[in-house]
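The block underneath contains the structure these notes are about, expressed in structure tokens.
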Amino acid sequence: MDEMEEELKCPVCGSFFREPIILPCSHNICLACARNILVQTPDAESPQSSRASGSGVSDYDYLDLDKMSLYSEADSGYGSYGGFVSAPTTPCQKSPNGVRVFPPTVPHPTQAQHHLLPHTGVLPPVPRNSCLTCPQCHRSLTLDDRGLRGFPKNRVLEGVVDRYQQSKAAALKCQLCEKSPREATVMCEQCDVFYCDPCRLRCHPPRGPLAKHRLVPPAQGRISRRASPRKISTCTEHELENLSMYCVQCKTPVCYQCLEDGKHSTHEVKALGAMWKLHKGQLSQALNVLSDRATEAKEFLVQLRNMVQHIQENGVEFEACLVAQCDALIEALNRRKAQLLSRVTKEHEHKLSVVRDQISHCTVKLRQTTGLMEYCLEVIKENDPSGFLQISDALIRRVHMTENQWGRGSLTPRMSSDFDLTLDSGPLLQTIHQLDFVQMKVPAAPILQLEECCTQTNSATLSWKQPPLSTIAVDGYILELDDGTGGQFREVYVGTEMICTVDGLHFNSTYKSRVKAFNSSGVGQYSKTLVMQTSEIAWFTFDSASAHPDIILSNDNLTVTCNSYDDRVVMGNTGFSRGVHYWEMTIDRYDNHPDPAFGIARADVMKDVMLGKDDKAWAMYVDNNRSWFMHNNSHTNRTDGGISKGATVGVLLDFSRGILLFLINDEQQGPVAFNTLEGMYYPAISLNRNVQVTLHSGLPIPDFYTPGESEAAGSVC
């Protein structure tokens, strides 16, 4: 009920409707509010207008004039509305409901004008040439002499507002409590007031005249309020007449006086009750559809709220994962930092050790040198020539030796004070700057587009797409089909396209298909499995692409001949590996008794020799008198009976038994030609220029033949 409250509030005052009137645009407004927003137009600009309820033009004609009547802020005013003139531009304000309202440009009415005239209970007269603008759609219309009384009162809306206000919880509260109302315990039917126990004892004591009042529970009092008698609707033009008919053309209730006056005499009218029931039914049907949409919207909102919860949970989980990953990186960096510091410490200690050793060595050597120098100086001071000369040579050699020792790099530091280690942090910093989120989830399951999936003969076309809300990157798709007998799935396509046609399937077989997507993170879930049925009948033609160049095809590749005197091979465009298949060829031309060969072959059969010359073909070649079976150039089972123009040669291939039979003119030619046949075979024929034949495929098997048990209820072509 709370959602309905905005429908029950006036767009001008923002409060519940009080005495609402219906404007021709179908919007509602309080009668007093309509009085307050009237605009008076000059007499010179006011044409002869019809009555405000839309006389002379239907109340619904504005639908056809919608483009002419829209309000534009950039325009100089309002467009015309039906038979009403446009109003001048007025400044825009907003009502408590947020709807734009256009106040009058004339001075505001006095307080007395805003309300009913004192002591009369009626509205004051409306000024002549007054204009009213709908506060919701901004359509403008000029009132006639009856003023606001020309608009019908919306008694239904008034009743809904009354019931809604009575049904509010406030109606079950005490109406005499000053601050926070207590819950009502009784209602006085005579006073029409809800009381709590303290207020009832204080204001409605059970004595004197009040003792005769009937007190009922609050819920019962609410029901009695709702059960108040209905107000009888009267005609706006004939106030003493009740509305009893409905004018279909004007779409408005009318009275008998309206029909007698001639205003609606030529219009189609119906009983008010019948139209009431009809429109109620139409509204109920529309509400059923709208209710379905509202139910879908509620379910969608539940889905969105669940998404909010999932997003919050996933966000917390993802943040925790991100913090853990960054902490792991920081921990790894700290470990590497400790390792590098250890290397620096070792280098530092090594340098200090070398320098300290050199200092110690130089100190000892300098002490020895200084001692030698002091000793030599003392020797020089002696005045004994002979004694000096006895030791001078040895001293000179020692001095030179000591000097040479200092001169051989002993005064060069053995270790540099600089550290020859440079930390190469550039790549790591670049990697850190490039650190970003990558797709870590596998793709969602694709959706098969059933309207684009189909089968044609023994081919199947499948199409799929990604889910609409999926943002996960996809590198490709994998399409899988089973073997048509409920066996295991196998991959038939891997790629980036989202449509694929699979050829070479078995006829009259049911295949299951599914597709999944993959990216660098892995392979996603499978789509739903789609079941597809291939054609029951094996229709095929000769294959021009694989035929020998001397072969000539016509009649949509159903008729074949050759422009060479040598035998040339042509095959069908469909291969068989399962089922029972039968096809025929009619001899259209047969000259000079050639030997055409009919049968089956592998895809890589030789095309420039008679069919059956190599080990890739199994055939029957025939002339005008007899026939032979041939495989790998081995001739067997000579049988009397040949062909001529108009003859028919039939080929029956039964994989259930693994055999091949031949027929001439609907009669079996010889015994079973070949058996133990397995694998993929193509219909084939070899002929020269003296023969022309026409292919007939998709035929039922001959009546005399009974297929194997495994195929008795299966594919028969």
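Give me the dipole magnitude in Debye, nearest 20, for segment 257-312 about the Cα centre, with unit charges on the beta carbon: positive for Lys and Arg, negative for Asp and Glu.
Computed about the Cα centre, the dipole is about 180 debye.
Filter the GluC sites (Glu not before Pro) in segment 468-504 down to the DSSP loop ones having no more than 15 other Cβ atoms within 10 Å, then list what survives. Working shown, then result.
Details: sites: Glu480, Glu491, Glu497; in loops: Glu497.
Within segment 468-504, the qualifying GluC sites (Glu not before Pro) (loop, at most 15 other Cβ atoms within 10 Å) are Glu497.
Give the carbon-plus-sulfur fraction of the accessible surface of segment 537-628 in %, rounded to a whole number; probe 1.4 Å, heavy atoms of protein chains only.
The C+S portion of the solvent-accessible surface of segment 537-628 is 44 percent.
Let me cross-check Cys235: its accessible surface, 1.4 Å probe, with only protein heavy atoms counted, in Å² to the nearest 10?
Result for Cys235: roughly 10 Å² accessible.
Report relative contact order for segment 527-592 in percent, whole number only (criteria: Cα-Cα under 8 Å, sequence separation at least 6).
On the way: 54 pairs, mean separation 19.4, N = 66.
Relative contact order comes out at 29 percent.
When the Karplus curve 6.51 cos²θ - 1.76 cosθ + 1.60 is applied with θ = phi - 60°, which whole-Hz ³J(HN,Hα) does each residue of segment 595-604 get, with x for Gly and Pro?
For segment 595-604, the Karplus curve yields 10, x, 10, 10, x, 10, 7, 6, 5, 9 Hz.
If you project the alpha carbons of segment 315-401 onto their three principal axes, what span does each projection cover, largest first, in Å?
Here the spans come out as 104, 17, 10 Å, largest first.
Could you put Ser634, Ser627 in order of accessible surface area, largest first, with the 1.4 Å probe and the full protein assembly present? It would help to have the intermediate numbers written out before the result.
Details: Ser634 60, Ser627 0 Å².
The most accessible residue leads, giving Ser634, Ser627.
With a 1.4 Å probe and every protein chain kept in, tell me what percent of the accessible surface of segment 406-470 is carbon plus sulfur.
57 percent
Using a 1.4 angstrom probe on the protein heavy atoms only, could you order Val570, Val308, Val438, Val160 from most to least accessible area?
Values: Val570 0, Val308 75, Val438 100, Val160 35 Å².
Order by accessible area, largest first: Val438, Val308, Val160, Val570.
What is segment 435-584's relative contact order, in percent, from Cα pairs under 8 angstrom and six or more apart in sequence?
After rounding, I find 23 percent.
How big is the charge dipole of segment 384-463 about its Cα centre, in debye rounded to the nearest 20, if each Lys and Arg gets +1 on its Cβ and each Asp and Glu gets -1 on its Cβ?
Result for segment 384-463 is approximately 420 debye, rounded to the nearest 20.
With a probe of 1.4 Å, find how much accessible area segment 234-375 has per residue, and write the answer as a whole number in Å².
77 Å²
With the cut-off at 31 Å, tell me which of the pairs Lys9/Lys280; Lys613/Lys645; Lys173/Lys251; Lys441/Lys512 have Cα atoms farther apart than that.
Lys173/Lys251
The values are calculated or read from the model by the stated rules, or taken from the named source; none is laboratory data. It should be emphasised that the depicted structure is a prediction, and the values quoted were computed from it without experimental measurement. When we count neighbours, we look across all protein chains shown, and the Cβ atoms used for this are built from the backbone with ideal geometry, even at glycine. Note: areas computed on protein heavy atoms with side chains; ligands, DNA, RNA excluded. Shrake-Rupley method; radii C 1.70, N 1.55, O 1.52, S 1.80 Å.
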